[in-house]
Amino acid sequence: MEIAAKYLPAEIESKWYAYWMAHRFFHSEPDGREPYTIVIPPPNVTGVLHMGHMLNNTIQDVLVRRARMRGFNACWVPGTDHASIATEAKVVQKLKAEGIEKSDLTREEFLRHAWEWKEKHGGIILEQLKKLGASCDWDRTVFTMDPAMSESVIRVFVDLYNKGRIYRGVRMVNWDPQALTALSDEEVFYQETNGKLYYLRYKIEGSDDCVIVATTRPETILGDTGLCVHPDDPRYAALKGKRVIVPLVNRSVPVVFDDYIDIGFGTGALKVTPAHDVNDYMLGEKHGLEAIDIFNDNGTINDRAGIYAGMDRFDLRERIEIDLREAGLLEKTEDYTNKVGTSERTGAVIEPKLSMQWFLKMEELAQPALKAVMEDIIRLYPAKFKNTYRHWMENVKDWCVSRQLWWGQQIPAYYLPGGGCVVAETPAEALAMAREKSGNPALAMDDLRQDPDVLDTWFSSWLWPISVFDGIRHPNNEQIDYYYPTNDLVTAPEILFFWVARMIISGYEYRGEMPFRNVYLTGIVRDKLRRKMSKSLGNSPDPLDLIARYGADSVRLAMMLCSGAGNDLMFDESQIEQGRNFCNKIWNAFRLVKSWTVDESSAQSENNRIATAWFEALFNRTMAEAEADFTEYRISDALMKIYKLFWDEFSGWYLELVKPAYRQPIDRPTYDATIGFFDRLLRMLHPFMPFISEEIWHHVAERREGESIMTSPMPTAQRYDEKLLERFDLVREAITAIRNIRKEKNLPNRDAVELYVKPDGNFYPQYNPVLEKMANLSAVVEGRPAGLNAAFLIKSTEYFVPLGDGVNVEEELAKLRTELEYLQGFLASVMKKLGNERFVANAPSAVVQTERAKQADAEAKIKAAQERIETLSRL
């Protein structure tokens, strides 16, 4: 096939993705090979591709493609999450646009709308991932509300309930007034907000005196049922046994004493509102204070607040400030910045609220998961996140697993007419249990009421590595036994507890082992101003637009080159231009090689023999270094090494070394070696740049239908000659020095020059053919030339390029004297270090050796400069 003059990614990418799909290269079934498994962090079914997805899924695809080429049975399971809060909000929004309120629908009617919306809009993101080149096993695509998945979730709930780990009770929860549901602690984000600190006057009952109390939420005085001070605070010793009057409300409440109070904070007196603050709730429980809930579920004020009923909570705050001031009950206000909890999904300010909810006891369940990470049975990359993980797991709280929504797995608890409930996997089982519990065999299904709440979305996704292989319903099936535990998980640090920790917990609870061996934690994609990319800031480009303009390989390369594990990625579109330039470099390099004609009778030159031996050694060293990087999940570092190997070494040096003269042929051994190098380089690059590597690989040699680079073996590092590489580096330094002299002295590159050398242990004459070709030398002569010359030093070897006439001796002497002065100053600084006995005695031996090497190098260069000055001074 003739290769096109230009690289056109759009045509190539669609062609090869269709080819891969047609031949089912992504599909995996259990066989005799060792499995390599990744489960995708399931994106919300409501989602569309953003830059964070691009980064995360590119990393996963790199790992999967590399494993496939290394002979593993690679399986990357895709899927989507039903995202209860986000999806229900989308459906409610759609219905409102059609003039329909959720409250006007039955649950079944609403769910029909939700499923219709899901079928129409859900899964868009998975189609978008195909544009990126994601090699997921699409036959295995899973949705967290698929029947098998929901059955697994319900079975786990029932099992944990029967084990006594799940319970129902009234607790203080985080209430989202917009989504109208409880949230777990992990779903609450705290952000700094500018507000006020209000100093209120609580009159002491039976006295004209008052106690000043500071609060950021004056509206909650409507629910105050106590005042708390520290027992050792002398300011309030006289209040023992006393009561105070709540401002505006005129409710008499007791003064309680508790060492929970911080004497030094504010006025040292705390208003207690047990129904609307977590800490107040604990104080109320301890001291027997009433809990008065003043809020409706939507954040408005309920009828218990009298004249304020029906007002929005934030409007009430402004109104109460006015009323307090007019009543003379507001001492003062101060500007105040504090952290306010907001809903991760809706952004609404969270309201602490007493509510009947379902909870999962976490402390005991968390222990195996904590041990697994702390003992590196499961490794986090980077390891700095172990401390965060430990803090969370050592302070874990019971998980509120119920949500006041309709979209999700409905809690399998059924309430009996006479009180009590049964928990069962199916309605039929629930009815049988209810008849037995009530002693009423005539009980019908209509007599039971199923709990209306659904389970937290995370309660389905925490089972993900098990449930995608049906390991809950069928614990010993072939799929789960083969693919579990999975190998690597790639995800974001912000869901380390939300999802990662909980998956580890469920893995040990339901499989008795870890769900994955390694967790690679990505950074956040930010713009060049270090702002997190978001739609609201308008700083997040459309990934599909970038792919359309630059090609998927260019985008993938740009993302990977600057994305070390756990480090934020500073994205700039110029990085994608760099990726596009690299694609063009690969394309044009291959077109150059394919343009050469081969002379079958031509013997391989010594220059070409050295060049192929050198690049073979360099390839193997780079391969070994890249393999080491992959072992430690330094994926960006591995790519950078491969990138430099191709751009700098293969294109910049090797092809120049072996390129035949204009219209001249190349010998067969060198050509075959070059094509072989190209083939191996493409295979090294394939996990990162799947499309262009596949296209060129099919031009490298004849391929049969059904062959693909992705199923060809990944090259492995072979033994290499390190000494050869060291010697060749000296030759390259000499070539670079000669080229610099040509440029500085205006010696045309087309004119051959002689090179004189004073040989020593660092000069290797067998590499002279390389010097002669790359520096355009007429000869390499041992000795020092007569007359003017430009000299340079490579290690201890002196080289001279004759300059002939027309060189200004005084200018040369001035340059040499400046250089000599610099070298003498540099040597003095080195000798000062080496003359310090403490430094020599305490510094690592490698550091001392480096300083001694600097000394020897400086001394050799000083000697050469002095000799040059002496020679020129005689002219």
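The values are calculated or read from the model by the stated rules, or taken from the named source; none is laboratory data. Computed from a predicted structure; not experimentally measured. Virtual Cβ from ideal backbone geometry, glycine too; neighbours counted across all protein chains shown. Just so you know, the surface numbers come from the protein's heavy atoms only, side chains and all, with ligands and any DNA or RNA stripped out. Shrake-Rupley method; radii C 1.70, N 1.55, O 1.52, S 1.80 Å.
Among D280, D259, D293, which is the only one that is touching a Cys at 6+ places or on another chain (Cβ under 9 Å) and among the charged types (D, E, K, R)?
That would be D280, the only listed residue that is touching a Cys at 6+ places or on another chain (Cβ under 9 Å) and among the charged types (D, E, K, R).
Working only within the range 563-618, note down all residues that are under 35 Å from the mean Cα position of the chain (by Cα) and open to solvent by 70 Å² or more (accessible area, probe 1.4 Å).
Hits for the range 563-618 are N567, E577, R580, N581, N588.
Does the range 82-114 hold any residues that are within 17 Å of P43 (Cα to Cα), out of contact with any Phe, Trp or Tyr (no Cβ under 8 Å at 6 or more places or on another chain) and open to solvent by 40 Å² or more (accessible area, probe 1.4 Å), and which are they?
Matches in the range 82-114: A89 only.
Mind telling me which of the residues Y199, Y167 ends up being touching a Ser or Thr at 6+ places or on another chain (Cβ under 8 Å), farther than 15 Å from S460 by Cα and either of a type in the set (S, T, Y) or in a helix (DSSP H, G or I) (or both)?
Just one listed residue meets the conditions, Y199.
Scan the range 14-53 for residues that are within 30 Å of K532 (Cα to Cα) and either at pLDDT 90 or above or not hydrophobic (A, V, I, L, M, F, W, C) (or both) and report the count.
Residues in the range 14-53 being within 30 Å of K532 (Cα to Cα) and either at pLDDT 90 or above or not hydrophobic (A, V, I, L, M, F, W, C) (or both): 12 in total.
Could you please find all residues in the range 45-56 being open to solvent by 10 Å² or more (accessible area, probe 1.4 Å) and in a helix (DSSP H, G or I)?
G52, H53, N56
Taking the residues in the range 498-526 that are among the charged types (D, E, K, R) and buried (at least 19 other Cβ atoms within 10 Å of the Cβ) as candidates, determine which candidate is farthest from L370 (Cα to Cα).
E509
If you scan the range 791-806, which residues turn out to be outside any strand (DSSP E or B), touching a helix residue (DSSP H, G or I) at 6+ places or on another chain (Cβ under 7 Å) and open to solvent by less than 50 Å² (accessible area, probe 1.4 Å)?
Within the range 791-806, L803 is the sole residue that qualifies.
Which of the residues spanning the range 133-150 are outside any loop (DSSP other than H, G, I, E, B) and either open to solvent by less than 20 Å² (accessible area, probe 1.4 Å) or of a type in the set (G, A, S) (or both)?
Correct list: V142, F143, A148, M149, S150.
Take the conditions among the basic types (K, R) and open to solvent by 50 Å² or more (accessible area, probe 1.4 Å) and apply them to K130. Does it pass?
no
Quick one: which of G71, G79 is within 30 Å of L561 (Cβ to Cβ) and crowded, with 20+ Cβ neighbours inside 10 Å?
G79
Only one of these is free of Cβ contacts under 8 Å to residues at least 24 places away in the same chain, of a type in the set (A, V, I, L, M) and open to solvent by less than 30 Å² (accessible area, probe 1.4 Å): V770, V848, V840. Name it.
Going through V770, V848, V840 in turn, the sole match is V848.
Restricting attention to the range 554-565, does a residue exist that is under 19 Å from R65 (Cα atoms), touching a strand residue (DSSP E or B) at 6+ places or on another chain (Cβ under 6 Å) and hydroxyl-bearing (S, T, Y)?
Within the range 554-565, one or more residues are under 19 Å from R65 (Cα atoms), touching a strand residue (DSSP E or B) at 6+ places or on another chain (Cβ under 6 Å) and hydroxyl-bearing (S, T, Y).
Pairs under 7 Å by beta carbon, first residue closer than 15 Å to D159 by Cα in the range 422-447, partner in a loop (DSSP other than H, G, I, E, B) and of a type in the set (D, E), six or more apart or different chains?
Pairs found: none.
Given the structure, is R750 under 26 Å from R66 (Cα atoms), open to solvent by 50 Å² or more (accessible area, probe 1.4 Å) and out of contact with any strand residue (DSSP E or B) (no Cβ under 6 Å at 6 or more places or on another chain)?
So R750 does not fit the description; no.
Residue by residue, here is whether (1) at pLDDT below 95; (2) within 14 Å of H53 (Cα to Cα); (3) part of a loop (DSSP other than H, G, I, E, B) holds:
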| residue | (1), (2), (3) |
| --- | --- |
| S460 | no, no, no |
| H474 | no, no, yes |
| E509 | no, no, no |
| G566 | yes, no, yes |
| S574 | yes, no, no |
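Here are the criteria: (1) surrounded by 15 or more Cβ atoms within 10 Å (Cβ to Cβ); (2) farther than 20 Å from K196 by Cα. Tell me which single one L316 does not satisfy.
(2)
Would the range 218-227 turn up any residue that is in a strand (DSSP E or B), crowded, with 17+ Cβ neighbours inside 10 Å and in contact (Cβ under 8 Å) with a residue 12 or more places away in the chain?
Within the range 218-227, one or more residues are in a strand (DSSP E or B), crowded, with 17+ Cβ neighbours inside 10 Å and in contact (Cβ under 8 Å) with a residue 12 or more places away in the chain.
Quick one: in the range 263-282, which of the residues that are within 40 Å of the chain's Cα centre (by Cα) and free of Cβ contacts under 8 Å to residues at least 40 places away in the same chain is least open to solvent (accessible area, probe 1.4 Å)?
D280
Name the single residue, out of those in the range 85-110 being touching a helix residue (DSSP H, G or I) at 6+ places or on another chain (Cβ under 9 Å) and under 21 Å from A182 (Cβ atoms), that is modelled with the highest pLDDT.
Among those that are touching a helix residue (DSSP H, G or I) at 6+ places or on another chain (Cβ under 9 Å) and under 21 Å from A182 (Cβ atoms), it is F110.
Yes or no: the range 155-175 includes at least one residue that is at pLDDT 90 or above, hydrophobic (A, V, I, L, M, F, W, C) and touching a helix residue (DSSP H, G or I) at 6+ places or on another chain (Cβ under 6 Å).
yes
Pick from A628, A638: which is assigned to a helix (DSSP H, G or I), closer than 19 Å to A67 by Cα and free of Cβ contacts under 8 Å to residues at least 12 places away in the same chain?
A628
Can you name the residue in the range 402-420 that is in a strand (DSSP E or B) and of a type in the set (F, W, Y) and is also most open to solvent (accessible area, probe 1.4 Å) among such residues?
Step by step, filter the range 402-420, then rank; the result is Y415.
Of the conditions (1) over 30 Å from S605 (Cβ atoms); (2) among the polar types (S, T, N, Q); (3) part of a loop (DSSP other than H, G, I, E, B), S829 clears all except one; give me its number.
Looking at each condition in turn, S829 falls short on (3).
Among the residues of the range 708-736, which ones are open to solvent by 80 Å² or more (accessible area, probe 1.4 Å), farther than 30 Å from Y17 by Cα and not in a helix (DSSP H, G or I)?
Once the filter is applied, which keeps residues that are open to solvent by 80 Å² or more (accessible area, probe 1.4 Å), farther than 30 Å from Y17 by Cα and not in a helix (DSSP H, G or I), the range 708-736 yields Q718, R719, Y720.
Is it true that R739 is open to solvent by less than 40 Å² (accessible area, probe 1.4 Å) and either assigned to a loop (DSSP other than H, G, I, E, B) or out of contact with any Asp or Glu (no Cβ under 8 Å at 6 or more places or on another chain) (or both)?
No, not satisfied.
State which residue is surrounded by the fewest Cβ atoms within 10 Å (Cβ to Cβ) when the search covers only the range 853-875 and only residues that are charged (D, E, K, R) and under 24 Å from G787 (Cβ atoms).
R874
Pick from the range 485-500 the residues that are closer than 16 Å to K384 by Cβ and in a helix (DSSP H, G or I): which of them is modelled with the lowest pLDDT?
So, considering only residues that are closer than 16 Å to K384 by Cβ and in a helix (DSSP H, G or I), the one modelled with the lowest pLDDT is E494.
Within the range 776-790, can one find any residue that is under 18 Å from S873 (Cβ atoms), out of contact with any Ser or Thr (no Cβ under 6 Å at 6 or more places or on another chain), β-branched (V, I, T) and open to solvent by 40 Å² or more (accessible area, probe 1.4 Å)?
Checking the range 776-790: not a single residue is under 18 Å from S873 (Cβ atoms), out of contact with any Ser or Thr (no Cβ under 6 Å at 6 or more places or on another chain), β-branched (V, I, T) and open to solvent by 40 Å² or more (accessible area, probe 1.4 Å).
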